[in-house]
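One structure is given below, encoded as structure tokens.
What follows draws every value from the coordinates through simple rules; no lab data is involved. These figures come from a predicted structure and were not determined experimentally. Cβ: placed from backbone, ideal geometry, glycine included. Neighbour counts: every protein chain shown.
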Amino acid sequence: DALAELGPYDPTLDLPDYQFPGIDLLKGYDADVAQLDEDELRTNKNRITQVLSNHGIEITSISATIGPTITLYEIVPAPGVRISKIKSLEDDIALSLAAAGIRIIAPIPGKGTVGIEVPNKNPQIVSMRSVINSKAFQECKYELPVAFGKTITNSVFMIDLAKMPHLLVAGMGQSSVLDVLIISLLYKKYPSQLKFVLVDTREVDFTTYAK
């Protein structure tokens with residue numbers, strides 16, 4: 001059989017000289033690495049510990065994981081401390097830290113600890129360039145890899161779009177999600193492997209353009 005002799009179709013052979021877009025097309029930023037002032041880190045730890053102590057909650061340790069926009073403070077409650085009591089102090093801790101809002105993860109899944117996510121005073125920009133240029137994205141074997149950004153531990157967060165063909169994006173940032181999706185695929189797939197069909201269902205008043 002002729003088809004059997006040819007073997008599986010290789011779409012990359014249609015454009016043997018094709019070169020993927022260069023990373024220089026994407027804008028770079030100096031602040032691609034998460035940073036946090038040591039004084040801010042120490043002050044936040046002390047304030048969290050003090051609020052808990054004021055409500056009779058003792059902890060055995062507190063550590064911090066610095067992310068691009070949020071720092072995760074991970075505390076280990078002393079034996080006998082009710083986690084629900086820590087959760088109820090969310091507003092008190094936010095007030096003490098003068099933060100617009102915090103999130104308490106009680107407990108952190110898979111750990112016997114409680115997490116307190118606090119926004120950084122000087123959030124860092126997570127550029128698309130730093131994500132696309134990362135080793136994780138370059139070596140990713142997903143069929144349709146999409147890099148959405150970075151996690152709180154600064155690891156690249158990616159999904160395989162092939163495993164989630166029906167994706168609903170709600171709230172703010174739909175255009176940004178679409179940009180990230182298209183850029184990710186353009187930097188990973190050959191033109192012969194992609195076909196975009198974009199449909200805008202918004203109502204448009206064409207009389208405005210006629211004027």
Loop-only check: which trypsin sites (Lys or Arg not before Pro) in the range 132-184 are DSSP coil with at most 12 other Cβ within 10 angstrom? K141
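Let me know the charge dipole size of the chain about its Cα centre in debye, to the nearest 20, where only the beta-carbon of Lys, Arg (+1) and Asp, Glu (-1) is charged.
Numbers: 20 positive and 25 negative charges, 139 e Å.
So the dipole magnitude of the chain works out to roughly 660 debye.
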Residue (of N154, S130, G171) at the positive-pole extreme of the range 72-183, dipole from beta-carbon charges: N154
Ranked from highest to lowest mean number of other Cβ atoms within 10 Å per residue, what is the order of the peptides 15-22, 152-159? 152-159, 15-22
About its Cα centre, the range 28-120 carries a charge dipole, from +1 on Lys and Arg Cβ atoms and -1 on Asp and Glu Cβ atoms, whose size in debye to the nearest 20 is 540
Given H placed 1.01 Å from N in the peptide plane, which residues other than close sequence neighbours of A64 have an amide H under 5 Å from its amide H? E74
Distance in Å, no decimals, from the C-alpha centre of the range 115-179 to the one of the range 38-58 is 31
Inter-label distance for T60 and V76, nm, one decimal - labels placed 7 Å from Cα along Cα-to-Cβ: 0.5
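Taking the alpha carbon gyration tensor of the range 1-127, what are the square roots of 5 times its eigenvalues, largest first, to the nearest whole Å?
Each semi-axis is the square root of five times an eigenvalue, giving 48, 22, 10 Å.
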Quote to one decimal, in nm, the extra length available between K111 and D37 on full extension: 0.36 nm per residue of separation minus the C-alpha distance between them. 23.9 nm
So for the chain, averaging the separation of alpha carbon pairs under 8 Å that are six or more residues apart and normalising by length, what relative contact order in percent results? 21
Of all C-alpha pairs within the range 58-193, those more than 17 angstrom apart amount in percent to 68
Approximate spin-label separation Q19-S53, in nm, with each point projected 7 Å along Cα-to-Cβ: 6.1
What nm value, rounded to one decimal, do you get for the distance between R103 and E139 when each label is placed 7 Å out toward the C-beta? 2.9
Over 26 Å between Cα atoms: which of K121/K163; K111/K188; K27/K111; K87/K111; K27/K121; K121/K188 fall into that group? K121/K163; K111/K188; K27/K111; K121/K188
Protection proxy ranking, peptides 97-105, 124-132, average beta carbon neighbours within 10 Å, highest first: 124-132, 97-105
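Subtract the Cα-Cα distance of S84 and V169 from 0.36 nm times their separation in residues, and report this length gain in nm to one decimal.
Here the segment from S84 to V169 would lengthen by 27.4 nm.
Sorted by mean Cβ packing within 10 Å, highest first, what order do the peptides 168-174, 68-74, 40-46 take? Could you put the intermediate results ahead of the total?
Values: 168-174: 8.1, 68-74: 19.1, 40-46: 15.0.
Peptide ranking by packing, descending: 68-74, 40-46, 168-174.
For D92 and F196 in one chain, what is 0.36 nm times their gap in residues minus the Cα-Cα distance, to one decimal in nm?
Answer, rounded to one decimal: 32.6 nm.
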